[in-house]
1. Of the conditions (1) closer than 23 Å to Gln42 by Cβ; (2) in contact (Cβ under 8 Å) with a residue 24 or more places away in the chain; (3) not in a loop (DSSP other than H, G, I, E, B), Phe126 clears all except one; give me its number.
2. Exactly one condition in (1) within 17 Å of Lys3 (Cα to Cα); (2) surrounded by 19 or more Cβ atoms within 10 Å (Cβ to Cβ) is not met by Glu193; state its number.
3. What tally of residues in region 167-185 results from selecting those that are buried (at least 16 other Cβ atoms within 10 Å of the Cβ) and either more than 11 Å from the ligand (Cβ to nearest atom) or farther than 24 Å from Val95 by Cα (or both)?
4. Cβ-Cβ distance below 7 Å, separation of 6 or more or different chains: which pairs start in region 169-185 with a residue that is under 14 Å from Arg142 (Cα atoms) and end on one that is aromatic (Phe, Trp, Tyr) and part of a loop (DSSP other than H, G, I, E, B)?
5. Of the residues Leu121, Leu91, which is free of Cβ contacts under 8 Å to residues at least 24 places away in the same chain, out of contact with any His (no Cβ under 8 Å at 6 or more places or on another chain) and among the hydrophobic types (A, V, I, L, M, F, W, C)?
6. Could you grab me the full set of residues in region 55-106 that are part of a helix (DSSP H, G or I) and within 16 Å of the ligand (Cβ to nearest atom)?
7. Here is a list of conditions, (1) of a type in the set (A, V, I, L, M, F, W, C); (2) more than 16 Å from the ligand (Cβ to nearest atom); (3) surrounded by 15 or more Cβ atoms within 10 Å (Cβ to Cβ), and Met139 meets all of them except one; can you say which number that is?
Amino acid sequence: MAKIKICGITRESETEVLNRMQVDYAGFVFFEKSKRNVSIEQAKEIKKHLKPSIKTVAVTVNPALDLIDEIIEAGFDILQIHKMQEFPENLKIPVWVACQVRSREEAEEINVPDGISGILLDAPEFGSGKTFSWQDFPMKKRREWQERRIPFILAGGLSSENVEEGIRLFEPDVVDVSSSVEGEHGKDHKKVEAFVRKVREHE
Ligand SMILES: O=C(O)c1ccccc1NCC(=O)[C@H](O)[C@H](O)COP(=O)(O)O
């Protein structure tokens, strides 16, 4: 069964539905330009309210080494890196590399370095609630990662309406959602519940 990551947690009140629905991952965005940006201190406070079984993912964009150190120090389980320029060596935290899928040609060039703990495919604009073009994605890349046993995370525009299709096409290890489960004040409990149920119904 695909595991579930709810991304862009910004407040303590959101943890109740994550705990109750026993999701697998909670993502915190550390990127100042994002409407979901939180400080390390805020995230540390919020994650105290998550069940220990929920792994925490620190979502970053080409992070400076200082930020990576702070993330490790704060006890996050996984570091997710978008727009990675260089793979930082000897990191003491598992890394998910996020790739923005813009075209079939670009996707064919995706190189997954050894030693990463997951490859995440996302829309051209991260956190936008839009999907990348699933039909154009070169599935031989997906098969290559399956053969190399690299965990695969499907992100970008997932919702209760399309997640079944995404699971059928990509057989992801994890499905990652943010925009479609948001309301006016952060994550909407009913939308999170509906998304989680849809994923679990599928299996
Ligand atoms: O969500 C953001 O604002 C964000 C900012 C900077 C880097 C990544 C960001 N989100 C990335 C994600 O982890 C996934 O892309 C996200 O869960 C999927 O988002 P959505 O398309 O909104 O469901």
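Every number here is computed from the coordinates shown, using simple stated rules; none is lab data. Small disclaimer: the values here were computed from a predicted structure and weren't measured. With ideal geometry, Cβ positions are generated from the backbone for all residues, glycine too; neighbour counts draw on all protein chains shown.
1. (3)
2. Unmet for Glu193, out of (1) within 17 Å of Lys3 (Cα to Cα); (2) surrounded by 19 or more Cβ atoms within 10 Å (Cβ to Cβ): (2).
3. 7
4. Close Cβ pairs satisfying both conditions: Leu169/Trp134.
5. On inspection, the qualifying residue turns out to be Leu91.
6. Listed by number, the residues that qualify are Leu67, Ile68, Ile71.
7. Only one criterion in (1) of a type in the set (A, V, I, L, M, F, W, C); (2) more than 16 Å from the ligand (Cβ to nearest atom); (3) surrounded by 15 or more Cβ atoms within 10 Å (Cβ to Cβ) is unmet by Met139, namely (3).
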